[in-house]
Amino acid sequence: MVIAVGLMALMAVAAPVPALAEPREFAYVTNSLSNTVSVINTATDTVVATIAVGNNPQGVAVAPDGTRAYVTNGDSNTVSVIDTGANAVIATIQVESLPFGVAVSPRGDRVYVTNSSSDRVSVINAVTNTVIATIPVGDFPVAVTFSPNGTRAYVANAGQFSTEVSMIDTATNTVTPILVGLTPAGVDVTPDGTRLYVVNRGSGTVSVIRTTDNALIATIPLGIDIEPQRVVINPGGTLAYVTDSLLSTVSVIRTDANAVIATIPVGLSPVGVAISRNGTRVYAANGGSDSISVIDAAANTVIRTIAVGDAPLGVAVGGTGGVTRRDGPPSVAGQKTQEVGQKTQEEGGITSDRAGKGRSNQDQHDVSTAEQAGRNSGQVKVEVDHEQATKGRRKAHRGGNHRAGR
């Protein structure tokens, strides 16, 4: 009997322990002229799926738990909801005119969409996939991001003469303007919530905002004859990455000094930019090269170029396992939605998404006189020059809605 018990104990000790599943990470890329989303396995840097969405997809964002991706379709005035497990569209949500930027709240229960032509933000309930509110913001909103605790959303308004970011109180939907540089086109918040970084396309600068009082504390020059587009901050909050569509580069900013420390050549006309959850890889969407540049964040060099669809504009990274860049709580999709309600104190207080359905990858965010005509007379069909694109040809963008800022 003693021997039997001993053997049983030995067998119990020797029994294999199931290995914990490693979280998988994927990059989602909107191909604006292919009407598709490319799904990249970031472990292998290969395209593992191509998903048909609406017309002229622009922005993309992934839920904190990685189960859903949300894509704005500029020509369809819709948002496609992608089940990332099945790589299939499971819902299509009608929003307003020219949806562009998109962000998912840290709780995963709300999705904010910038409607560039209607100057409003649509608020989507992520459980019911319905629009529950629309919020008036500034002129030609193109990008949106949340504070880490979700109590605020920041919207970049890229009208020609705009110098304003709209800060939305997510509990009350009230809006407070923040003055920045000319034509703000990209926004991101540091992981501790204390700083907002705003890319000013018209000024060629980055504004640094202290989020406790919305004060401008630094202006970072990026150079001359440039068109900076989007910004993403690494998980440690130490570095910010800014795409420039004219020079086809990514600038690296050290946030403690608020200074550019490196400039990385990538593909043609990059707009969207995203970062891996561990901060080791940066992904730039090269609209003119139909590719994604993968940057080694330690070496500040491009280590791989991935071919995707036609005119990629937006890129977002997400994965399974409930781990996100800012370690936000898991998504509540499929559960009862809880309202944010209480505003916690924060020291501070997320894509291309490209606004111009009929603009070149380089010029997509140029808000020209024709944009005002687009506001007054509807979509203006234009042909734009893609001579900088690798293919050396002209692409006809559909329905370029250009409006001049007021």
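I'd like the residue in region 231-247 that is more than 17 Å from the chain's Cα centre (by Cα) and under 16 Å from Gly287 (Cβ atoms) and, out of all such residues, is least open to solvent (accessible area, probe 1.4 Å).
In this case the residue turns out to be Leu246.
Could you check Pro106 against (1) open to solvent by less than 30 Å² (accessible area, probe 1.4 Å); (2) part of a strand (DSSP E or B) and say which number it fails?
For Pro106, the failing item is (2).
Restricting the search to region 139-148, which residues are open to solvent by 10 Å² or more (accessible area, probe 1.4 Å) and over 14 Å from Leu196 (Cα atoms)?
Asp139 - this is the single residue of region 139-148 that is open to solvent by 10 Å² or more (accessible area, probe 1.4 Å) and over 14 Å from Leu196 (Cα atoms).
Can you name the condition, by its number, that Ile226 falls short on among (1) surrounded by fewer than 22 Cβ atoms within 10 Å (Cβ to Cβ); (2) within 20 Å of the chain's Cα centre (by Cα); (3) under 30 Å from Val302 (Cβ atoms)?
That leaves (2) as the condition not met.
Find the residue count for region 219-235, including only residues that are acidic (Asp, Glu) and either touching a His at 6+ places or on another chain (Cβ under 9 Å) or not in a loop (DSSP other than H, G, I, E, B) (or both).
Qualifying residue count for the region: 1.
Can you work out which of the residues in region 79-100 that are open to solvent by 10 Å² or more (accessible area, probe 1.4 Å) and assigned to a strand (DSSP E or B) is farthest from Thr114 (Cα to Cα)? It would help to see each step written out before you state the result.
Applying the first criterion (open to solvent by 10 Å² or more (accessible area, probe 1.4 Å)) to region 79-100 yields 83-92, 94-97.
In the following step, the residues that additionally are assigned to a strand (DSSP E or B) were identified as 83, 88-92, 94.
Working: Asp83: 22, Ala88: 23, Val89: 20, Ile90: 21, Ala91: 19, Thr92: 16, Gln94: 13 Å.
Within region 79-100, the match that is farthest from Thr114 (Cα to Cα) is Ala88.
Pull out all pairs, ordered by first then second residue, where Cβ-Cβ is under 6 Å, the residues are six or more apart or on different chains, the first lies in region 63-76 and is closer than 12 Å to Ala91 by Cα, and the second is of a type in the set (Phe, Trp, Tyr).
Cβ pairs passing all conditions: Ala69/Tyr28.
From the residues in region 199-219 that are crowded, with 24+ Cβ neighbours inside 10 Å and not charged (D, E, K, R), which one is farthest from Arg254 (Cα to Cα)?
Here is the first cut: in region 199-219, the residues crowded, with 24+ Cβ neighbours inside 10 Å are 199-201, 206, 209.
Pick out the ones that are also not charged (D, E, K, R) and you get 199-200, 206, 209.
Numbers: Val199: 15, Asn200: 17, Val206: 12, Ile209: 15 Å.
Result: Asn200.
The values are calculated or read from the model by the stated rules, or taken from the named source; none is laboratory data. None of these values were measured; they are calculated from a predicted model. Cβ sites come from the backbone with ideal geometry, for glycine too, and all protein chains shown count toward neighbours. For accessibility, only protein heavy atoms count, side chains too; no ligands or nucleic acids. Shrake-Rupley method; radii C 1.70, N 1.55, O 1.52, S 1.80 Å.
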